[in-house]
Amino acid sequence: MAKKSQNRFELAAELVASRARKIEIPNFDDSRLYEEFNTQMRPIQSELEKKLSDSTEEASKIRISS
Amino acid sequence: MKVLHTTLLPIHELLLELDEICEETYRFPTNAASKSKIVGYLGSLRDDLLAYVEYPYVDKVYRNSFYSFFSTKHRDYDRDCIRVSLFENTISKEHFRKPELQTALSKAFLGFVVVRPTMPKLIGRSVISPTAFKRSRFANCSVNIECSVNGVRLISSGFPHSSQDSETIKCAETTVWEIMEYYGNKYPDYSPVLPSIIIAALSGESYERQLPTKGLSVEEISHALKVFGFGVIVYARSIYKEDLKRLFYTYVESGIPVIAAIKNNDVSHAVVAIGRTRVVDDKIEASPVSFVVQDQGRKIEILDVADADREYVLVDDNFPPYQLAKYDDPTAYYGAGKFQKCDLHAIVVPLYHRIYLEGSKARSLITNLLSYSFVTMFLPFERITLRMFLTTGRSFKHKIALDPAIKEDVKEMFLSILLPKFVWVAELSTPELYSRKMAFGVVVLDATESGGNGADSVIFVALPEHFFHVERGKFVPIDFVMEPFSMHLSNLRGDNNNG
């Protein structure tokens, strides 16, 4: 998020947080989770990219004539 | 001097009127209209409408086909059409001349249909409101198109439709024309096209004559839409299997008209999917569990609403607009005959060219995110519905800004977030909240990310008691509280109608 809007965001977030129940997230490591998520997603996303290109090839064979 | 002929009459007298005009003006055989598909078309309209008939009418689409093809034939084809405008039966001829009656006239106007001199395929261009039809309990993509009826400018709202003339346009070209007529009249990034422009766009790709048309391949449909400015994506059923149904739903829910290629052993056909039955009519409780996420022994069932039993709204050039059919039986409305038992084999999705994150990648990001323990632990219900769609950042914020169910500080938080032009949204709800068109959580992804670095596509996750956003290579959690809010239902028109 851009810095200018971040200030407005943080102000609003503080107001909301003051009404919120505080809940601890066990073993929460913000940057490790970020990396872990990317590592997990990388092979899935490459597989989906291959699927998409196979799909284009498959569908191109269909001729619509009715 | 040429003179315009006009008549205002109840709709049950329209067929006789068209028979007479066709015989006198087009020199067609007696009862030509009564022997054509116009009978079924008029039969699908409400019985209490009024029809305003004008001829000769210059229709831009037919004129284009006339000059590029029909005028080059030996047989005489008339170059003019008949236009039938439809109204609620609350108007009279004086509504067209009195300024104080203009609001009532505009409100009563339900659109128009052009009758072409191309026997037996007489039904030409139309834009008619779903409310003019007997069956209209659905939500659909809709565009406003200005026209002039009896000298008065009026707006017709609906989805463009035409039947094929079978020589310059078949079903495939018709779907391309309908998509471009819709987008070209709705957004400044696109322009409507005419049959000869579709043919020209494909001339470099074609190795044989293009007229009379033999139809198009899915590749040619996709190519034409790409030439006209879209970032097209094609999904084949043979590759995506059951996931194609979810992608189909997701794009329709996003208000993106999708071209569906449907086939059986005898026919291959194209229709445009433009909507679905209303959210309140979804049988969510009876939906299968799509997947399960687990958190410390807790099992949470996720019902992807794409799997729900519902009908889709199809625009088929062989039928009046707004046919309803299920994904697994897309030609059910044909009844007996060679179109029976067709399957949907591929979909062509005309995306805005700056949407880089396509549906299957967006879905995998969301389902994987929901399986992460730091998200799962904040899911407060054991049966959760998942509803995914694309929308613009502006439309998303507009809905948030005006939702009375969202508290002011939460609104301010959401509205201060800089959003891209397009976002993928996943709304989380429960079957009970869903039936009231409410949701309890939302995941927002950046649709301008291509999904390579998965977490960078995540803008935020907002759940009843926690909020996460991604910043500088981290998931940032914030203590949060949010009451259920209204579902985003502005991609399609019709979910909030009465009746």
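For the range A:12-66, filtering for residues that are in a helix (DSSP H, G or I), surrounded by fewer than 16 Cβ atoms within 10 Å (Cβ to Cβ) and basic (Lys, Arg) leaves 4. Among residues of the range B:338-354 being in a loop (DSSP other than H, G, I, E, B) and under 10 Å from B:Ile262 (Cβ atoms), the one that is nearest to the other protein chains (Cβ to nearest Cβ) is B:Phe339. In this structure, B:Val39 does not satisfy being among the aliphatic types (A, V, I, L, M) and in a strand (DSSP E or B).
You will find that of B:Asp328, B:Asp243, B:Asp316, B:Asp304, the residue that is farther than 24 Å from A:Ser60 by Cα and either touching a strand residue (DSSP E or B) at 6+ places or on another chain (Cβ under 9 Å) or at pLDDT below 95 (or both) is B:Asp304 and no other.
The residue list B:Asn144, B:Asn185 contains one member that is assigned to a strand (DSSP E or B), surrounded by fewer than 24 Cβ atoms within 10 Å (Cβ to Cβ) and at pLDDT 95 or above, which is B:Asn144. Mind telling me which of the residues B:Ser429, B:Ser435 ends up being touching a strand residue (DSSP E or B) at 6+ places or on another chain (Cβ under 8 Å) and of a type in the set (S, T, N, Q)? That would be B:Ser429, the only listed residue that is touching a strand residue (DSSP E or B) at 6+ places or on another chain (Cβ under 8 Å) and of a type in the set (S, T, N, Q). Restricting B:Glu412, B:Glu483 to residues that are in a helix (DSSP H, G or I), within 14 Å of chain A (Cβ to nearest Cβ) and either aliphatic (A, V, I, L, M) or over 26 Å from A:Ser46 (Cα atoms) (or both) narrows the list to B:Glu412.
Any idea which of B:Leu365, B:Leu357 is among the aliphatic types (A, V, I, L, M), within 14 Å of chain A (Cβ to nearest Cβ), assigned to a loop (DSSP other than H, G, I, E, B) and in contact with a Ser or Thr (Cβ under 9 Å, 6 or more places away or on another chain)? Quick ask: steps written out before the conclusion?
Working: B:Leu365 fails: assigned to a loop (DSSP other than H, G, I, E, B).
On inspection, the qualifying residue turns out to be B:Leu357.
Examine the range B:151-160 for a residue that is more than 14 Å from every other protein chain (Cβ to nearest Cβ), among the basic types (Lys, Arg) and out of contact with any Leu (no Cβ under 9 Å at 6 or more places or on another chain), and state whether such a residue exists. Yes, the range B:151-160 has at least one match. Annotation note: of B:Ile459, B:Ile478, the sole residue that is in a strand (DSSP E or B), of a type in the set (A, V, I, L, M) and either under 28 Å from the mean Cα position of the chain (by Cα) or more than 30 Å from A:Arg42 (Cβ to Cβ) (or both) is B:Ile459.
If you filter the range B:431-460 down to residues that are of a type in the set (S, T, N, Q) and surrounded by fewer than 22 Cβ atoms within 10 Å (Cβ to Cβ), you find that the one that is nearest to B:Glu382 (Cα to Cα) is B:Ser435. Restricting attention to the range B:424-482, the residues being at pLDDT below 95 and of a type in the set (Lys, Arg) number 2. Checking the stated criteria, B:Val39 turns out not to satisfy the condition of being under 16 Å from B:Arg125 (Cα atoms), assigned by TED's automatic domain parsing to the domain that holds B:Lys93 and among the β-branched types (Val, Ile, Thr). For the range B:41-68, a residue qualifies if it is out of contact with any helix residue (DSSP H, G or I) (no Cβ under 8 Å at 6 or more places or on another chain) and either at pLDDT below 95 or of a type in the set (A, V, I, L, M, F, W, C) (or both), and the qualifying residues are B:Val58, B:Phe66. If you take the residues in the range B:228-286 that are in a helix (DSSP H, G or I) and of a type in the set (A, V, I, L, M, F, W, C), which one is surrounded by the fewest Cβ atoms within 10 Å (Cβ to Cβ)? My answer is B:Val280. All conditions but one from (1) more than 14 Å from chain A (Cβ to nearest Cβ); (2) in contact with a Lys or Arg (Cβ under 7 Å, 6 or more places away or on another chain) apply to B:Val267; the one that does not is (1).
May I ask you to say which residue of B:Asp304, B:Asp329, B:Asp266, B:Asp243 is over 18 Å from the mean Cα position of the chain (by Cα), acidic (Asp, Glu) and under 20 Å from B:Ser490 (Cα atoms)?
On inspection, the qualifying residue turns out to be B:Asp304.
Whenever a residue of the range B:181-197 is more than 16 Å from B:Ser65 (Cα to Cα), its partners that are small (Gly, Ala, Ser) and in a loop (DSSP other than H, G, I, E, B), lying with C-beta atoms within less than 7 angstrom and at least six residues away or across chains, give the pairs B:Gly184/B:Ser191; B:Asp189/B:Gly229; B:Tyr190/B:Gly229. The numbered conditions (1) surrounded by fewer than 17 Cβ atoms within 10 Å (Cβ to Cβ); (2) touching a His at 6+ places or on another chain (Cβ under 8 Å) are all true for B:Tyr67 except (2).
No other residue among B:Thr392, B:Thr367 is surrounded by fewer than 23 Cβ atoms within 10 Å (Cβ to Cβ), β-branched (Val, Ile, Thr) and over 23 Å from the mean Cα position of the chain (by Cα) apart from B:Thr367.
The values are calculated or read from the model by the stated rules, or taken from the named source; none is laboratory data. From a predicted model like this one, the values you see are computed outputs, not experimental measurements. Here the Cβ is made from the backbone with ideal geometry for all residues, glycine too, and neighbour counts use every protein chain on show.
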